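Q: The following block contains the structure, expressed as structure tokens.
The values are calculated or read from the model by the stated rules, or taken from the named source; none is laboratory data. Everything numeric in this text was worked out from a predicted model, so none of it was measured. Note: ideal-geometry Cβ built from the backbone for every residue, glycine included; neighbour counts use all protein chains shown. Remember, those area values only see protein heavy atoms, side chains included, never the ligands or the DNA or RNA. Shrake-Rupley method; radii C 1.70, N 1.55, O 1.52, S 1.80 Å.
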Amino acid sequence: METVLYFFNLITFYIDQLLLNIYFQFCTVVNHTRMRKDDSTKAWLLQYEQLLHIEEHDFAMRPGFGGSPVPVGIDVQVESIDSISEVNMDFTMTFYLRHYWKDERLSFPSTTNKSMTFDHRLIKKIWVPDIFFVHSKRSFIHDTTMENIMLRVYPDGNVLFSLRVTVSAMCLMDFSRFPLDTQSCSLELESYAYNEEDLMLYWKQGNRSLNTDEHISLSQFFIEDFSASSGFAFYSSTGWYNRLFINFVLRRHIFFFVLQTYFPAMLMVMLSWVSFWIDQRAVPARVSLGITTVLTMSTIISGMSPSMPQVSYIKAVDVYLWVSSLFVFLSVIEYAAVNYLTTMEERKHSNKTGKPSGMYNIDRVEAMAFDGCYHDCKTEMDQTSFSLHSEEDSVQERSTGSASTNSSQIKRRQSLGEDVGRIILENNHVIDTYSRIFFPIVYIIFNLFYWGIYV
């Protein structure tokens, strides 16, 4: 029994040793394969570096150093205009920026004349133009899923360098005609280190070098024009530099502001005119209407401030809102004048007759304080006499019969209507009568001048 156990242990030991040897040999083969693959990758990279003569030249210096300036062509494909900020006075744009130049140090022999394409890893080993954006606030190159950079080298040494970038740049806006304005903005490109003696920056295909997506749209603006131009910039310490411009013109959509600002202001002005048709003795009604329209205009004006920069000049919308506020305020002042003049007339009448005026006696003032309505004693007397006459007439009508009933009712209704109309006309002040015509005419003339000038 012990012999059998001994042989079993011996066989188990040899099997374990065999498995360990197999595992170690497998690991050795895998490591050797990986090393061979890494060596082949390095060899492949070294092969292209040798093909492009990267190690043989100093790419810290521009092509043709010491000679004529190197021409660098530019073209731009605008992908989107992401935002326009009036408060910050800037815009954000995403586009493809492509550079074209020739570097004979990168030329290589090729029987098929095909180009070679590389990613961002080769950029750090060769010379590329140092283009920057003048007046930019923020900018970045997109890096999802890899850095959006492409380098293409042709056998004759021509190079295409393309990248996808988003830039936020300053735009000097003029808001004197806001919101009926048109804004002109530009994005400026320039070499940071190389002046015109070392680098000549130009549009690759003239005006056709600037292309835009057909579906570019903005919520508040309509893009009227995209154009490319070029010029020079001078710095006292370094000299003249080539500068390229991406120009675009934006025209603001007016419909949003018509609904949110202009139309409510018009309604408030017209609502203030309603007080001219209310009885001059209805003080609570006319004062409440005037104060409500004034406060509403103040709310409309304050609602425009957060979305606008704090500029020191008058905008077109300010002119309209403040003139509308003036009309609303004058309607309140108009009633103050009417009330004051009416009171003075009543006092003069009381001094002449020696009796308190019938227009503002104590009973009617107290009644108005309770129900807000004016109680005219003359109207009440007319109504009382009308009721008494009605009772007498009813007795006579019973005796005369139904034939004369309709004619007498018609006469009484006509006399009552004449009395009410006479009372309304007598209680209307002359200032209210003229204001009903003067205020609308002047406001219409103002609107004609305003829209004729700014539109």
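Q: Kindly indicate whether R164 is out of contact with any helix residue (DSSP H, G or I) (no Cβ under 8 Å at 6 or more places or on another chain), assigned to a strand (DSSP E or B) and over 21 Å from H57 (Cα atoms).
A: yes
So that you can scan it fast, the table gives a plain yes or no per residue for (1) under 14 Å from D198 (Cα atoms); (2) hydroxyl-bearing (S, T, Y); (3) loosely packed, with under 14 Cβ neighbours inside 10 Å:
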position: E56; (1), (2), (3): no, no, yes
position: G67; (1), (2), (3): yes, no, yes
position: V78; (1), (2), (3): no, no, no
position: I81; (1), (2), (3): no, no, no
position: V87; (1), (2), (3): no, no, yes
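Q: Let me ask something additional. Which condition number does A282 fail, the rest of (1) open to solvent by 30 Å² or more (accessible area, probe 1.4 Å); (2) more than 36 Å from the chain's Cα centre (by Cα); (3) among the aliphatic types (A, V, I, L, M) being met?
A: Every listed condition holds for A282 apart from (1).
Q: Considering only segment 212-237, state which residues are without any contact (Cβ under 8 Å) to a residue 40 or more places away in the chain and not in a strand (DSSP E or B).
A: Passing the criteria: E214, H215, S217, S219, S236, S237.
Q: OK, next. Does segment 167-175 contain any residue that is open to solvent by less than 20 Å² (accessible area, probe 1.4 Å), among the polar types (S, T, N, Q) and under 30 Å from K114 (Cβ atoms)?
A: Within segment 167-175, not a single residue is open to solvent by less than 20 Å² (accessible area, probe 1.4 Å), among the polar types (S, T, N, Q) and under 30 Å from K114 (Cβ atoms).
Q: How many residues does segment 112-146 contain that are without any contact (Cβ under 8 Å) to a residue 24 or more places away in the chain and more than 27 Å from D58 (Cα to Cα)?
A: 4
Q: Are any of the residues in segment 257-271 part of a strand (DSSP E or B), aliphatic (A, V, I, L, M) and open to solvent by 50 Å² or more (accessible area, probe 1.4 Å)?
A: no
Q: Next up: If you go through segment 285-312, how many residues are surrounded by 17 or more Cβ atoms within 10 Å (Cβ to Cβ) and either of a type in the set (G, A, S) or more than 28 Å from the chain's Cα centre (by Cα) (or both)?
A: Qualifying residue count, segment 285-312: 3.
Q: From the residues in segment 176-195 that are open to solvent by less than 30 Å² (accessible area, probe 1.4 Å) and in a strand (DSSP E or B), which one is nearest to V311 (Cα to Cα)?
A: Q183
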